[in-house]
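Laboratory data are not the source of any read-out in this text; all were calculated from the coordinates shown. This structure is a prediction, so every number in the text was calculated from the model and none was measured. Neighbour counts run over all protein chains shown; Cβ positions are idealised from the backbone, glycine included.
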Amino acid sequence: MKPRILVVDDEPDVVTLMTRALESEGFETLTAYDGISALDIAQAEKPDLILLDVMMPMMSGYEVCQQLKASP
């Protein structure tokens, strides 16, 4: 099974660039465009790695990271 990476950024162009680069290297990618969706996807899919933007609307990357760390 390919390693899965969750790419989280509020800018669609950045997400597209990152997913194309990662997929060309053989990774499976998941995407989210805000922190709330990122938390939902991370809990449901259990990615191997999360690439998380820090500056996002509604919930910053720091807040997402804190919630991920607090969750089993």
Evaluate the range 15-31: report whether one residue or more is in contact (Cβ under 8 Å) with a residue 40 or more places away in the chain and either touching a helix residue (DSSP H, G or I) at 6+ places or on another chain (Cβ under 7 Å) or not small (Gly, Ala, Ser) (or both). no
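Every residue in the range 1-38 that is among the polar types (S, T, N, Q) and within 18 Å of Val54 (Cα to Cα), please.
Thr16, Thr19, Thr31, Ser37
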